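Peer 1: There's a structure below that I have some questions on.
Since every read-out is calculated from the coordinates, none of them should be taken as a lab result. Computed from a predicted structure; not experimentally measured. Reconstructed Cβ throughout: ideal geometry from the backbone, glycine too, with neighbour counts over all protein chains shown.
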Amino acid sequence: MTLKKTGLIKRIPVWMAFPSILMFSLFVIMPAVMSIYFSLTSWDGLSPHMQFIGLRNYMDLIHDERFWNAFRNTIFLAVALAILENIVALTLALILDKVLKARTLFRSIFYLPNLLSGIVTGYIWVALMNYSFGIFNVVLNHLKIASINWLGNPGIALWSIIFVMVWKGAGYYMIIYIAGLNSIPSDILEAADIDGVSPIRKFFSITVPMLAGSFTINLTLSLINGLKVFDQIVAMTSGGPGFATETLTYQIYTVAFSEGKQGYGTAIALILFLLTMVFSLVETKLIRRFEVEV
Amino acid sequence: MHNSKKWKTGDYILFFIVAILALAFFFPMLFSILSAFKTNGEILKNPIGLPKRINFSNFFYLWNKTSIPRATVNSFILTTVSCFFIILVVPMSSYVIERRSGKFSSFFYPLFLAGMMIPFQAYMIPLFRELRVIGLFGTMLAPVIIYISGASSFGTLLYCSFIRSVPKEIEESAAIDGSSPFKTFWKIVFPLLKPCTASMLILQGVGIWNDFLMPMMVMPANQPKTINVEIFSFIGEFQVRYDVLFCGTLVAIVPVIIIFIFLQKYFINGIMAGAVKS
């Protein structure tokens, strides 16, 4: 009977997988592999021939101050975003866990910004952060404080983008934390209550360790999504003022499509890919250690 | 059961804090919705207040003078067609990979896993060149193909995890009754995967509707593209027309919100399923 079973399963024809595998290979894997070659050329995006130049793009990257600036911005944005998003998301989840009424409604409201596109999000906040009529400065002026140039001041613009991204993203991670909280067996918490364990102790000794899985998922996702931020930057600052908010994704776009340096742009794209890999690997390792310690 | 409990002072304070937070979170959306019904002067002078009177002239302007109507139609077509083909193609491949153990699965499963890690920007330049070479660049077909290919990696993993929980006995008895594996899949297995399909449709549908960079690059030039791309090109044209801009964003937001209101459960399931798979 067992033999016959495997026989039946084996008869599932392989061709059923072909449409998806073919497309995935042709339009994801193949270009991803080709990008290694592209990054070794000085291709401008137009000429029919690609000039092979070896590692010169990578040598140029090492001395390119603009690249390093975007590199720093990207890492800063991703790390700050991941930390803040998770703090806000966890706080919201913990509060909602205690609220007695209209929980679903509140959860939906916190999640709602996640449904907006990056472009729409960007323009709503461009208006809200406008120097003359934006609500932030209107409120500040009411309090007799001078207007702040939220998107035009190089020291503030990146923070403004992070702020907007937290608003947009926190609700998503909140839902994962809520699921984590719901999966904590209530008898553990009740037993702790009976033993007279203080709420703070209960939080750090029961809730936090039980949420380890949610932490791993959320930190990984938020870091990797942070590395990919693009639409909001296009809508809000175009990488400016100067290059203050230029990230790797935005740099790839301008270098490749405005300046016609597609070989060079591909080299930056490969660095971005490596960065994504390194981030998720290192981060998973760190969390594993943390999980074991707990 | 919580509701039956008597509220203490602390409960009221907590509820009040959450309500304030929710208002703060909702405010930007409320602002954009209200602004769609204001005149540009009103937005500049009184950004927070209600519109003096509900003003539909922005919508007439949007309808008659901009490319938003065409772009909205494009977005609808792109989203539905791509989703249709994703659901046609992806579950089938997952079925093969999940049910056929052996070299075939052990080769492709990790490949799909790796595919999920690659950011679009990392391979878009060779991809655009490839599309040019085969003559698809600048056609409506190009984004559809890219969406199906992109959804393959994540979608296959998602469907695999759901197919795993379908008992094999049903398929075996169908096979004994003479049903071909192809037929068995679509008639028996696929209907059991409804929750997965719903989550997949929502995740992909919202993602495609909201996408920006790729459609801007590959769709036919000198024609309206998608709604998000046209909103973006607004800013150059109507630098100070915030009224028209917010009218456009409203058109982009409303379909997603309506779907969210009706299919909330599947959104939450989709997030959980997606998160666990990643």
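Peer 1: Could you pull out every one of the aspartates and glutamates with an alpha carbon less than 12 Å from that of B:Lys225, ignoring same-chain neighbours closer than 8 positions?
Peer 2: Within reach: B:Asp211.
Peer 1: For segment A:216-291 and segment B:198-266, write down the distance between their C-alpha centroids in whole Å.
Peer 2: The two parts, judged by their Cα centres, are 23 Å apart.
Peer 1: Let me ask you something else. Can you give me the C-alpha center-to-center distance between segment B:52-87 and segment A:160-191, rounded to a whole angstrom?
Peer 2: 34 Å
Peer 1: From the residues A:Ala80, A:Ile36, B:Phe260, which one has its Cα farthest along the dipole of the protein assembly as shown in the positive direction, the dipole being from +1 and -1 charges on Cβ of Lys/Arg and Asp/Glu about the Cα centre?
Peer 2: Of the listed residues, the answer is B:Phe260.
Peer 1: Mind checking which of B:Leu201, B:Leu23, B:Leu131 has the largest fluctuation in a GNM of chain B, springs on alpha carbons under 10 Å?
Peer 2: In the Gaussian network model the winner is B:Leu23.
Peer 1: Where does chain A land at 222 nm, in deg cm²/dmol rounded to the nearest 500, when only DSSP H runs of n ≥ 4 count, each adding -39500 (n - 2.57), divided by all residues? Can you show the working numbers first?
Peer 2: On the way: 15 runs with 194 residues, N = 294.
Estimated from H runs of four or more residues: -21000 deg cm²/dmol.
Peer 1: Looking only at other chains, what is the average number of their beta-carbon atoms within 10 angstrom of each beta-carbon in B:201-213?
Peer 2: That average works out to 3.
Peer 1: Name the shape class, rounded, prolate or oblate, that the alpha-carbon gyration tensor gives for chain B, where a ≥ b ≥ c are the square roots of its eigenvalues, rounded holds for a/c under 1.5, and otherwise prolate holds if a/b is larger than b/c and oblate otherwise.
Peer 2: Working: a/c = 2.53, a/b = 1.37, b/c = 1.84.
Oblate.
Peer 1: Right, here's the next one. Each residue of segment A:173-188 in order: what ³J(HN,Hα) in whole Hz does its phi give by Karplus 6.51 cos²θ - 1.76 cosθ + 1.60, θ = phi - 60°, with x for Gly and Pro?
Peer 2: 5, 4, 5, 5, 5, 4, 4, x, 5, 5, 7, 6, x, 5, 5, 4
Peer 1: Please work out the Cα center distance from segment B:164-190 to segment A:71-105, rounded to the nearest Å.
Peer 2: Segment B:164-190 and segment A:71-105 have Cα centres spaced 43 Å from each other.
Peer 1: Follow-up. Hey, if you put +1 on the Cβ of every Lys and Arg and -1 on every Asp and Glu Cβ in segment A:114-259, which of A:Leu223, A:Tyr131, A:Ala235 ends up farthest toward the positive end of that dipole?
Peer 2: A:Tyr131
Peer 1: Where the only charges are on Cβ atoms (+1 Lys, Arg; -1 Asp, Glu), what is the dipole of the protein assembly as shown about its Cα centre, to the nearest 20 debye? All intermediate terms of the calculation are to be shown ahead of the outcome.
Peer 2: On the way: 43 positive and 28 negative charges, 203 e Å.
Computed charge dipole of the protein assembly as shown: roughly 980 debye.
Peer 1: I would also like to ask the following. In a GNM of chain B with a 10 Å cut-off on Cα contacts, which of B:Asn74, B:Asn40, B:Asn222 has the highest mean-square fluctuation?
Peer 2: Judging by the Gaussian network model, the answer is B:Asn222.
Peer 1: Hey, got the dipole for chain A? About the Cα centre, +1 on K and R Cβ, -1 on D and E Cβ, debye to the nearest 20? Write out the running numbers ahead of the final one.
Peer 2: On the way: 20 positive and 16 negative charges, 154 e Å.
Taking the Cα centre of chain A as origin, the dipole is about 740 debye.
Peer 1: Further question: Would you mind classifying chain A by shape? Square roots of the alpha carbon gyration tensor eigenvalues, ordered a ≥ b ≥ c; an a/c under 1.5 is rounded, otherwise it is prolate if a/b is larger than b/c and oblate if not. Provide the component values of the computation, followed by the final result.
Peer 2: Working: a/c = 2.09, a/b = 1.14, b/c = 1.84.
Note, shape of chain A comes out oblate.
Peer 1: Quick one: which residues, 5+ away or cross-chain, put their amide H under 5 Å from the amide H of A:Thr41? H built at 1.01 Å from N.
Peer 2: A:Ile53
Peer 1: Right, next: With r defined as the distance between the Cβ atoms of A:Ile87 and B:Phe84 and R0 fixed at 41 Å, what FRET efficiency is calculated, to the nearest 0.05? Each step should come with its number before you reach the end.
Peer 2: Values: r = 40 Å, r/R0 = 0.98.
Efficiency, from the Cβ-Cβ distance: 0.55.
Peer 1: Which residues make up the longest stretch of chain A clear of trypsin sites (Lys or Arg not before Pro) that lie in a DSSP loop with no more than 15 other Cβ atoms within 10 Å, not counting the sites? Each step should come with its number before you reach the end.
Peer 2: Numbers: sites that count: A:Arg11, A:Lys101, A:Lys144.
Longest stretch, sites excluded: A:145-294.
Peer 1: Right, another one. In a Gaussian network model over chain A where Cα atoms closer than 10 Å are linked, find which of A:Ser280, A:Ser20, A:Ser160 has the largest mean-square fluctuation.
Peer 2: Among A:Ser280, A:Ser20, A:Ser160, the largest mean-square fluctuation in the Gaussian network model of chain A belongs to A:Ser20.
Peer 1: OK, next. Under a point-charge model restricted to the Cβ atoms of Lys and Arg (+1) and Asp and Glu (-1), what is the dipole moment magnitude of segment B:61-277 relative to its Cα centre, in debye to the nearest 20? Walk me through the numbers on the way to the answer.
Peer 2: Details: 16 positive and 10 negative charges, 34 e Å.
Using Cβ point charges on Lys, Arg, Asp and Glu, segment B:61-277 gives about 160 debye.
Peer 1: 222 nm [θ] for chain B, helices only, -39500 (n - 2.57) per DSSP H run of 4+, per residue, to 500? Could the numbers behind the result be given before it?
Peer 2: Numbers: 14 runs with 208 residues, N = 278.
Rounded to the nearest 500, it is -24500 deg cm²/dmol.
Peer 1: Have a look at B:Ile43, B:Asn269, B:Phe16 and report the one farthest towards the positive end of the charge dipole of chain B, computed about the Cα centre with Cβ charges (Lys/Arg +1, Asp/Glu -1).
Peer 2: Of B:Ile43, B:Asn269, B:Phe16, it is B:Phe16.
Peer 1: Loop-only trypsin sites (Lys or Arg not before Pro) in segment B:35-90, please: DSSP not H, G, I, E or B, and at most 11 other Cβ atoms within 10 Å. Before the final figure, lay out each step's value.
Peer 2: Working: sites: B:Lys38, B:Lys45, B:Lys52, B:Arg53, B:Lys65, B:Arg70; in loops: B:Lys38, B:Lys52, B:Arg53.
Answer in residue order: B:Lys52, B:Arg53.
Peer 1: Specify whether the C-alpha gyration tensor of segment B:9-56 places it in the rounded, prolate or oblate class, a ≥ b ≥ c being the square roots of the eigenvalues: rounded for a/c under 1.5, otherwise prolate if a/b is larger than b/c and oblate if not. Let's see the in-between values first.
Peer 2: Working: a/c = 3.61, a/b = 3.57, b/c = 1.01.
Here segment B:9-56 falls in the prolate category.
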